[in-house]
Amino acid sequence: MRQIAILRGATILIAAFALTACVATYRNHGYAPTDQELQDIIVGVDTRASVEDTIGRPSTSGVLTESAFYYLGDRRRQFAYQAPRVIDRQLVAISFDSNDLVSNIERFTLEDGRVVPISRRVTDSSVENTAFLRQLLGNLGRFDAGRLLGGG
C-alpha cells in the first residue's frame, strides 16, 4: 500500500513538472514609458528635470551630445530549456532643444532589423542617424559576460 502511495506521488510530481516545462516564462528588461505616461510630458514646456521627475531617469542619454534621453525596454519569452526570445523591444527617445526644453517625443521598435517609428509628438524626426538606434535596439541582450570579463 505504501509503495502505491509513493508511486502515485512520484507520478503526480513528474506530471506537474512536465506541464510546467511547457509553460512560457516572460521577463521584462529595461523600461520604456507607456503612451499614457508620456501624455504628462508637454513638448516645449517640460525640461530634463521635470521629465526625470515624471517618468524616471533614462536608460541612457545622448551619446555624442546631451540632446536626448533614451528609454529602452524589451520583453522576452522562454519555453523550458530553450534560449529566451525577444518578443517586443521599444525605444522611447525624448529630445531636448538648446534651452533644455522637450522638443520631440518618439517611440521606435525593431521589426525585421529596421528601426520603425511607432509614434511621434512632433512631425519631424529629431533623430538624424538611425544607425545608433538600430545598434542599440539590436544589441540589447547579446552581451556575453565571459567576453566582458576577458574569458574568451
Inset, instruction - Take the range 79-112 and flag every residue that is in contact with a strand residue (DSSP E or B) (Cβ under 9 Å, 6 or more places away or on another chain), surrounded by fewer than 16 Cβ atoms within 10 Å (Cβ to Cβ) and of a type in the set (D, E, K, R). - result: ARG85, ASP88, ASP97, ASP100
Inset, instruction - Go through (1) part of a strand (DSSP E or B); (2) over 19 Å from GLU37 (Cα atoms); (3) at pLDDT 85 or above one by one and return the number of the condition GLU106 breaks. - result: (2)
Inset, instruction - Could you please let me know if SER95 is at pLDDT 85 or above, of a type in the set (S, T, N, Q) and within 21 Å of the chain's Cα centre (by Cα)? - result: yes
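The values are calculated or read from the model by the stated rules, or taken from the named source; none is laboratory data. Everything numeric here is computed off the predicted structure, so don't read it as measured data. When we count neighbours, we look across all protein chains shown, and the Cβ atoms used for this are built from the backbone with ideal geometry, even at glycine.
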